[in-house]
Amino acid sequence: MKKIALWGLSLLFTLGALAQETKTAKEVKKVTTEQTEKDKKAAEKKKKAVDKKVADAKKDHDKKVKEAKDEISKAKKETDEKISKAKKEVKSNSASDKGEAKSAAGKAKAEANKAEAKAKTETKTKATETKAKVKKTVAEEKEDLKETAISKAAEKKVTDKVTGEYKGKKVYTGPRGGKYYINKNGNKTYID
């Protein structure tokens, strides 16, 4: 009978100890869930900010393209007017008058082509500038900077000289002078 009583007391004692452990486990879970919710909210705020920047850059780019197209159409209209004026002025049949009219028309066309080419190059440069301004999202940057076991092992195998740092990675200089770093997959990524 004593054995049964002792066994019962020990059972109650262990259940009491286990109950306390679950309470602390619940508190730990609660703290971790709260932390993850905070992290999610912060990530959403950052994503919204990046999306807003991208949208603003796109609007700005579209506006600049539209302005460039307007400039091109204005330049075309002006050259067409110059050509039509030159044709109206030339009514005589003399060869020199015709030559002068053709040269004036050619000059006007050349000016229009120059203006059109200039506007196109400006729009291309503006487009590349806006594309350069749009950066990677925060998640993509973090993914690029991750150190993996593969990349660490590849860095140990490299015998080239360390010459600097790029995006948080060591930059190596190869035997022919090429500069590179080891990416997250353990491959060499060359820098311009």
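What follows draws every value from the coordinates through simple rules; no lab data is involved. In this text, all values refer to a predicted model and were calculated from it rather than measured experimentally. Using ideal geometry, Cβ is built from the backbone for each residue, glycine included, and neighbour counts are taken over all protein chains shown.
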So, with points 7 Å from each Cα along the Cβ direction, the residue 29-residue 66 label distance in nm works out to 5.5 nm
The extension gain from residue 37 to residue 89, computed as 0.36 nm times the residue separation minus the Cα-Cα distance, is 10.9 nm
Taking a crude spin-label model, label points 7 Å out from Cα along the C-beta direction, the residue 10 to residue 158 distance in nm is 6.1 nm
Beyond 25 Å (Cα-Cα) in this structure, taken from 167/188; 63/124; 26/47, we find 26/47
The local net charge around residue 155, scoring Lys/Arg +1 and Asp/Glu -1 for residues other than residue 155 whose Cβ lies under 11 Å from its Cβ, equals +4
Simple SL model, points at 7 angstrom along Cα→Cβ for residue 58 and residue 149; separation in nm is 4.1 nm
